[in-house]
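These notes are about the structure you will find just below.
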Amino acid sequence: MARLRYVMIGGFLGAGKTTLIGKLARAYADQGLKVGIVTNDQAHGLVDTMSLRAQGFEVGEVTGACFCCKFNDLVRVVGELSPDGRPDVVLAEPVGSCTDLAATVMEPLKHLYGAEIELAPLAVLLKPEHGEKILGDAADVGFSAKAAYIFRKQLEEADFVVVNKIDKLSPERVERLVKMLNEQFPGKQTIAVSAKSGVGCDVLAERLKQPAVERMSTPEMDYDVYAEGEAELGWLNCTVRFSSQTPVDVDQLLVNFVERLAAECRKWDAEPAHLKVLASGDDIVAIANWVCSTVPPELSVASGAKAAELDLVVNARVAVAPEGLTLTVNNVADQLALALASQGNASSCEVVDMQSFRPGRPMPTHRMPVGHA
């Protein structure tokens, strides 16, 4: 029996991993391959999972910690995908604040499950919004040096780096990013793509067909710096249950909601790593994102629909205390209901299933570094 191919797409929060995985999954399915996807988060209620399932994919979740700390759950979830037959390809999306994946996920999979699982090279997406600042040593990155340490370590351990969102960048900015990568990570292959438009994704898919790199080394990792950098982010997952007297434009409501969240975060001077909200109702899916303080929120998936009842699923990772995030979401839910009421549309926004916290210290199930004494 052919081995299952395991494709892991890493990268910082807001780099565009979910969009790219959806694009790759569709390409694999069009080739007649059976595809499974595994998403990962510190908490439950994931926008990524809901988004990918809405596209018709089989999706399993590993929640409560990163793949490295939930390695056995990762293996179990992969084994449980597609009850009508094992998938040919599994696309795995680790938490965007996670690094050291080569030593804690890739090497353990190779040594413990190599007879059953074939590894693709580890691709890491570069998020240009923060990448330009961090790689350029900007004075104001928005995050501390400890959070930037995670960003750099993700790139260091990549088998190759994917510069994403080139549809939003001038050729000069793409060239500058690639130059900084070449200077700071010599010999690292780079591929430029737009996960949204699909440009360059065929080149990426071909690269992922190649065998996994036989590593001569994995990066050294300071887990104290890593843990403090990850804990800098407040983590919030919740649902806002919306209802109104008359139907509203879903996309407009969603963008208004995220713009209000962004405005409140700016009052805290809080840098977003990624804030994403999915609006869902009867056969309705819309998604809006805010990925950096210097760019406005964006409607990434439009519904073109109207509805009087919706669930707004909020996933926020912002450099602020989780209590501040909780207060922000509750305030914005109240603001939205009052704004609609002032327009003559009686509405309610009830916050339910609230989870807010700082991530705990990473404690990998296995760690198999290569090339260290």
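Ranked highest first by average number of other Cβ atoms within 10 Å, how do 187-195, 335-343, 309-317 line up?
Numbers: 187-195: 18.0, 335-343: 14.9, 309-317: 22.8.
The most tightly packed comes first, giving 309-317, 187-195, 335-343.
Farthest toward the dipole's positive end in the chain, which of Leu24, Pro186, Leu125, given Cβ charges of +1 (Lys, Arg) and -1 (Asp, Glu) about the Cα centre?
Pro186
Please list, or write none, the lysines whose alpha carbon is within less than 23 Å of the alpha carbon of Lys133, excluding same-chain residues fewer than 8 places away.
Lys17, Lys146, Lys153, Lys165, Lys168, Lys179, Lys188, Lys196, Lys267, Lys276
Just going by the charge dipole of the chain, with Lys and Arg at +1 and Asp and Glu at -1 on Cβ, which of Ala339, Leu91, Val248 is farthest out on the positive end?
Of the listed residues, the answer is Leu91.
Quick one: the Cα spread of region 234-357 along its three principal axes, in angstroms, biggest first?
Principal extents (Cα only, largest first): 36, 24, 24 Å.
Once Lys and Arg get +1 and Asp and Glu get -1 on their Cβ, which of Pro219, Tyr113, Leu46 lies farthest toward the positive end of the dipole of region 4-230?
Farthest towards the positive end: Leu46.
Using the basic label-point model (7 angstrom from Cα toward the beta carbon), what is the Val213 to Arg173 distance in nanometres?
2.7 nm
With charges set only on the Cβ (+1 for Lys and Arg, -1 for Asp and Glu), what does the dipole of the chain come to about its Cα centre, in debye to the nearest 20? Kindly include the intermediate steps, with their values, before the conclusion.
On the way: 36 positive and 49 negative charges, 113 e Å.
Dipole magnitude for the chain comes out near 540 debye.
With only alpha-carbon atoms in the gyration tensor, what are the semi-axes of the equivalent ellipsoid for region 157-239, in Å, largest first? Can you show the working numbers first?
Numbers: eigenvalues 129, 87, 49 Å².
After scaling each eigenvalue by five and taking roots: 25, 21, 16 Å.
Show which lysines lie in cross-link reach of Lys34 when reach means a straight Cα distance below 19 angstrom and same-chain residues fewer than eight apart are skipped.
Lys23, Lys209
Once Rh for region 1-157 is found with the Kirkwood sum over Cα pairs, what is the Stokes-Einstein diffusion coefficient at 10 °C and 1.306 mPa s, in µm²/s? Each step should come with its number before you reach the end.
Values: Rh = 16.1 Å.
The calculation lands on 99 µm²/s.
Beta carbons within 10 angstrom, averaged per residue: use that to sort the peptides 95-101, 130-136, 157-163, 207-213, highest first. Write out the running numbers ahead of the final one.
Values: 95-101: 26.1, 130-136: 21.0, 157-163: 22.9, 207-213: 14.9.
The peptides rank, most packed first, as 95-101, 157-163, 130-136, 207-213.
Read-outs: derived from the displayed coordinates by stated rules, not from any lab. Just so we're clear, the structure is a prediction, and the values are computed from it rather than from any experiment. Note that we place each Cβ from the backbone using ideal geometry, even for glycine, and neighbour counts take in every protein chain shown.
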